[in-house]
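Read-outs: derived from the displayed coordinates by stated rules, not from any lab. Computed from a predicted structure; not experimentally measured. Cβ placement follows ideal geometry from the backbone for every residue including glycine, while neighbour counts extend to all protein chains displayed.
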Amino acid sequence: MALKATVFKATLNIADMDRYYYDEHTLTLARHPSETDQRMMARLAVFALNAEPRLNFTKGISTDSEPDLWVKDYSDQIDLWIELGQPDEKRLRQACGKAQAVKVYCYSGHSAELWWEQTKTLAQRFDNLSVINLDQAAIEQLGTMTERSMLLHCNIEDQILSVSDNNQSVDVRQALWKG
């Protein structure tokens, strides 16, 4: 029997002082059985960092033809393709060929650094690609905030995402590897 996804509800109150974006997003996330709490919370963090009315989660882990998040225009063209993790060369080519802009968010510390060392020459070929590394320890701490129903306050200032709930606060720092 196939394992089913676990459904999570999250309300994000976002105050992004860097982009002057202020809004509340009520989200439903399906966590695939193979997805960890840390990866799911990394998806939420990346949503907050790129929030806008047309940003949506996709089928993600369960499909190869879609990113983790995307922004589509009204003619169904992909404006922004957002990938989490360490995509291979084929995946990067596919994303950069289909979307106006592509962002890859890494969050796994040393293995992400090794991936970047192997990928940075290839990445330079794509003008529409950005690669951002998120602080691994902060993503791990975000994983401890996982609940089936979450109310999270997300403040972004000077490229630092502060996520808080009723019990704790986590600062997620970003390192721009390719802009």
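Observations, loosely collected:
- Within region 86-120, the only residue that satisfies the criterion of being small (Gly, Ala, Ser), more than 15 Å from the chain's Cα centre (by Cα) and assigned to a strand (DSSP E or B) is Ala99.
- If you go through region 40-65 and keep only what is surrounded by 18 or more Cβ atoms within 10 Å (Cβ to Cβ), over 9 Å from the mean Cα position of the chain (by Cα) and of a type outside the set (A, V, I, L, M), you end up with Phe57, Gly60.
- The lone criterion from (1) among the acidic types (Asp, Glu); (2) buried (at least 20 other Cβ atoms within 10 Å of the Cβ); (3) not in a strand (DSSP E or B) left unmet by Glu83 is number (3).
- Among the criteria (1) assigned to a strand (DSSP E or B); (2) farther than 25 Å from Ala138 by Cα, the one Asp76 does not fulfil is (1).
- The residue of region 156-179 that is nearest to Leu84 (Cα to Cα), among those that are part of a loop (DSSP other than H, G, I, E, B) and under 17 Å from the mean Cα position of the chain (by Cα), is Gly179.
- Any pair with Cβ under 6 angstrom, 6 or more apart, that starts in region 168-179 at a residue that is under 17 Å from Ala112 (Cα atoms) and ends at one that is acidic (Asp, Glu): Val172/Asp135; Arg173/Asp135
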